[in-house]
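The values are calculated or read from the model by the stated rules, or taken from the named source; none is laboratory data. Everything numeric in this text was worked out from a predicted model, so none of it was measured. Neighbour counts are summed over all protein chains in view; Cβ atoms, including those assigned to glycine, are modelled from backbone coordinates with ideal geometry.
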Amino acid sequence: MLKGKKILFTGLVKDKNNFVELKKAGAEIIFFSTIKIVELVLSDAEKSKLKNASNYDYLIFTSVNAVKFFFNIYKKLRENQGAQSGKIINGINNSAVQIIAIGDKTKAAADSRGLKISLMPEKASSEHLDKVLLKEKIFGKKILIPGSKISSSKLRKSLLQKGAVVEFIPVYNTVVADDYSKAEIERIKNTVFDLIVFTSPSTFESLIKILKLKEVKTFFDNVKIASIGPVTKEKIEEYNLRVDVLPKKYNLKSLENKIIKFYN
């Protein structure tokens with residue numbers, strides 16, 4: 001039963017309104033975001049590639065933040081270009097470039113900006129996208145991937161091996177949250193949680209850094225761990241820890257449902 005269970009959520013502040021059903025079931029959710037997302041400053045060469053995104057055959061968005069920060073930068077670049085005519089040039093030529101999104105929320109973010117999605121893998125992961133993008137489909141094709149500075153290079157390497165011309169541009173970075181007081185950190189460190197929820201490898205490693213954990217395994221003794229997906233699970237297991245909750249679909253709603261099922 002979830003009544004009285006203390007659950008620590010380490011994801012982004014913007015996701016604080018999730019887990020309504022867990023609260024209804026009596027769980028106590030403590031929000032302690034361990035990461036922050038920041039926009040990166042691009043080189044002139046990177047700006048040029050981003051501004052000419054429609055010249056690529058494929059544009060791949062791997063996350064909501066990839067969409068958000070791509071368009072933040074893209075809009076500024078196109079505004080500057082259109083300044084003389086007084087117009088904001090802000091569209092991607094969807095007939096020229098195929099848009100690929102990983103995950104429902106990423107698709108929704110792209111949809112809201114007027115993009116038509118050509119392809120979305122059944123499961124929200126780079127691994128599943130890699131399986132869909134066959135060599136015959138992408139050989140010799142130009143692919144642009146705006147994303148996180150710390151994102152895995154596995155997909156990019158695989159696409160290159162299949163003969164694609166891949167350009168990766170880091171448009172944002174995930175950094176450790178640094179605005180907690182010593183008292184807040186000590187409170188989290190000394191609280192006994194029933195479950196800790198991680199939504200990315202960064203949320204897990206950032207918690208270790210913020211709490212300055214020397215004995216990671218000891219801290220997680222008698223604590224259940226929930227992971228949003230296999231990449232996060234893999235990172236957690238590198239520390240010889242076991243993930244107890246892993247949803248089949250890699251999103252917060254599926255994770256919430258899996259936690260409810262786990263305790264019932």
Checklist line | Number of positions in segment 204-236 that are out of contact with any strand residue (DSSP E or B) (no Cβ under 9 Å at 6 or more places or on another chain) and more than 25 Å from M120 (Cβ to Cβ) | finding: 12
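Go through the residues of segment 248-258 one by one and say whether even a single one is in a helix (DSSP H, G or I) and under 26 Å from L59 (Cα atoms).
yes
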Next item on the list: Would you list the strands (runs of 3 or more DSSP E) that sit entirely within segment 103-217 and hold 1 or more residues that are assigned by TED's automatic domain parsing to the domain that holds V67?
Entry: 117-119, 142-148, 165-176
Next item on the list: Being crowded, with 18+ Cβ neighbours inside 10 Å and in contact with a helix residue (DSSP H, G or I) (Cβ under 8 Å, 6 or more places away or on another chain) is the filter here, so list the residues in segment 253-264 that pass it.
Entry: E256, I259
Notebook entry, point to check: Do the conditions hold for S148, that is, is it surrounded by fewer than 18 Cβ atoms within 10 Å (Cβ to Cβ) and polar (S, T, N, Q)?
Noted result: no
Checklist line | From the options L22, L12, residue that is surrounded by 18 or more Cβ atoms within 10 Å (Cβ to Cβ) and closer than 23 Å to S206 by Cα | finding: L12
Item checked: Residues that are more than 24 Å from the chain's Cα centre (by Cα), closer than 23 Å to T106 by Cβ and at pLDDT below 95, drawn from segment 135-161 -> K137, I138
Margin query: What's the number of the only condition in (1) assigned to a loop (DSSP other than H, G, I, E, B); (2) out of contact with any strand residue (DSSP E or B) (no Cβ under 6 Å at 6 or more places or on another chain) that V243 fails to meet?
Written below: (2)
Note to self: Whether any residue in segment 211-231 is in contact with a Lys or Arg (Cβ under 8 Å, 6 or more places away or on another chain) and acidic (D, E) is what I want to check.
What the structure shows: no
Check: Within segment 98-118, how many residues turn out to be surrounded by 20 or more Cβ atoms within 10 Å (Cβ to Cβ) and more than 17 Å from the chain's Cα centre (by Cα)?
Finding: 2
Check: Which of the residues belonging to segment 201-220 are surrounded by fewer than 12 Cβ atoms within 10 Å (Cβ to Cβ) and either closer than 25 Å to K149 by Cα or touching a Phe, Trp or Tyr at 6+ places or on another chain (Cβ under 9 Å) (or both)?
Finding: K212, K217
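Got a sec? Which of V243, V171 is in contact with a helix residue (DSSP H, G or I) (Cβ under 7 Å, 6 or more places away or on another chain) and closer than 30 Å to K51 by Cβ?
Matching residue, one of V243, V171: V171.
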Note to self: For segment 167-200: of the residues being surrounded by 13 or more Cβ atoms within 10 Å (Cβ to Cβ) and of a type in the set (S, T, Y), which is nearest to G140 (Cα to Cα)?
What the structure shows: Y172
Check: Can you pull out the residues in segment 135-155 that are free of Cβ contacts under 8 Å to residues at least 24 places away in the same chain and under 19 Å from S118 (Cα atoms)?
Finding: E136, K137
